[in-house]
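The values are calculated or read from the model by the stated rules, or taken from the named source; none is laboratory data. All figures in this text were calculated on a predicted structure; none of them were measured in a lab. Cβ sites come from the backbone with ideal geometry, for glycine too, and all protein chains shown count toward neighbours. Heads up: the accessible areas ignore ligands, DNA and RNA and are worked out on the full protein's heavy atoms, side chains in. Shrake-Rupley method; radii C 1.70, N 1.55, O 1.52, S 1.80 Å.
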Amino acid sequence: MRIQKTLAALCSLFVAQSLTLAAFAVEVTEPAGAAHGYPGLCDINGKKLADSEFRQWVENNRLHVVITHKFSAGEVYEEHAQFRQQPELIQEKWSWKESKHGRSQREFAVDFMAGIARAHILQDNKDVSKKISIEPGRTFAGFGFSLALSNLRKRLLSGEQVQLKAVGFSPFPTLGPQVVTVTVSHGGVDRMKMSGRSLKGDRFIIHPEIPFIAKFFVDVPDTKIWLTNPAPAGFLRWEGPIVLPEDPIIRVDLISSEKSGPAEAAGS
C-alpha cells in the first residue's frame, strides 16, 4: 500500500511538473521598438501584387503594429495588432480587414483579453462571433508570430521545437474561429533575392497540429517566416495563406521589388 501511495504521489508530481512546463509564456529576449518600412506583397511565384507600409511603435506601454497593403485595382488589406512586452510577450488584439474602393469585403478580429473572435464576409453574408479559449503569452495571430519567433530564436536554433497556440478561422463547418496548437521549428538557413540583393535568413516553420478527422475536411498549410541572419533577428519574409486555409498562398518581403526570388538553401 505504501509503495502504491508513493508511486501515485510521484505520478501526480510528474503530471504537475509537465503541466507547468507546458504552460510557459514567451519570454521577451528581443524587445521591439519603433520601426517604419515599405515591404512588398507578392504571389507565391514572386510577382509583386501590392505596395505595402509597415509601422510599429510603443505607446502607453503597448507595442502597436499596422501593416497596409495597397493594390492597383483599389483593394486594400490592413492588419492591426497590439502587444504587451513585459513581463512576457502577450498579444492583446489582432484584426485583418480587406476593402475595395473603401467598402469592406472581409474582416477578421480577435480580442485576446476578452477571449472573443469574430469574422464577417460580405459576399457570403456571414457574420460570426465566438468565445474562444486563450492562453496569454502562448496564443498569437498574424504578425504576432514574427515577434514570438524573434524571442524564441535562440531556443529554436538549438534544435528545440516549441508548441504555441494560433487563432485561425475555418470555413468548415461554418466560418468559425478556432484555436489550434502549432509546432514551431527551425527549418534551415536560406538565401533569397529581393530588389537585386541576395539576403540570408533563418527559416522557421509554423505547423498546425490538426486532429486526424479534421484533415478530411480542411487542409491547413504550414506558414513559413524568415528572420534576418545573423542576429539581431528581424523580419525578412513571410509565406502562407492570406487568412483562411483555402486562401491563396502569398509572400510578404521586407524589401519591395517587382520580382522576388524563391528561398534557396544557403549551403555550408
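Between Gln123 and Tyr38, the modelled labels are 3.1 nm apart [label points 7 Å from Cα along Cα→Cβ].
Think of the chain as a dipole: +1 on every Lys or Arg Cβ, -1 on every Asp or Glu Cβ, centred on the Cα centre; then among Leu149, Phe108, Gly196, Leu149 lies furthest on the positive end. Here the calculated FRET efficiency for Arg155 and Asp222, from their Cβ-Cβ distance with R0 = 22 Å, stands at 0.70, rounded to the nearest 0.05. Accessible area ranking (1.4 Å probe, heavy atoms, ligands and nucleic acids excluded), largest first, for Tyr38, Tyr77: Tyr38, Tyr77. Taken one residue at a time, the phi angles of the range 128-138 give Karplus couplings (6.51, -1.76, 1.60, θ = phi - 60°) of 10, 9, 8, 6, 10, 9, 10, 9, x, x, 10 Hz. Gly and Pro are set to x.
If the limit is 19 Å between Cα atoms, which of Lys47/Lys193; Lys97/Lys165; Lys130/Lys224 go over it? Table pairs above 19 Å Cα-Cα are Lys97/Lys165; Lys130/Lys224. Applying 1/(1 + (r/R0)^6) with R0 = 41 Å to the Cβ-Cβ distance of Glu53 and Phe24 gives a FRET efficiency near 0.75.
Looking at the range 124-217, the accessible area is 49 square angstrom per residue; that uses a 1.4 Å probe and ignores ligands, DNA and RNA. Computed from Cα positions, the angle between helix 2-22 and the longest principal axis of the chain comes to roughly 10 degrees. Within the range 138-268, what whole-number % of the accessible surface is contributed by carbon and sulfur, with the 1.4 Å probe and all protein chains included in the calculation? Using a 1.4 Å probe with all protein chains present, the range 138-268 comes out at 55 percent carbon and sulfur.
For the chain, find the longest principal axis of its Cα atoms and tell me its angle to the long axis of helix 144-157, 0 to 90°, nearest 10. The two axes meet at around 60 degrees. Here the spin labels are modelled as points 7 Å beyond Cα on the Cα-Cβ line, and at Ala231 and Arg103 they lie 5.1 nm apart.
Would you list which aspartates and glutamates come within 17 Å of Lys200, measuring only between C-alpha atoms, while excluding same-chain residues fewer than 8 positions from it? Partners within reach: Asp190, Glu239, Asp253, Glu264. Viscosity 0.692 mPa s, temperature 37 °C: give me the Stokes-Einstein translational D for the range 123-224 in µm²/s, with Rh taken as the Kirkwood radius over C-alpha pairs. The Stokes-Einstein estimate is 211 µm²/s. Both radii were evaluated on the Cα set of the range 140-187; the Rg over Rh quotient, with Rh as the Kirkwood radius, amounts to 1.08.
Between Glu88 and Asn45, the FRET efficiency estimated from the beta carbon spacing at R0 = 41 angstrom works out to 0.60.
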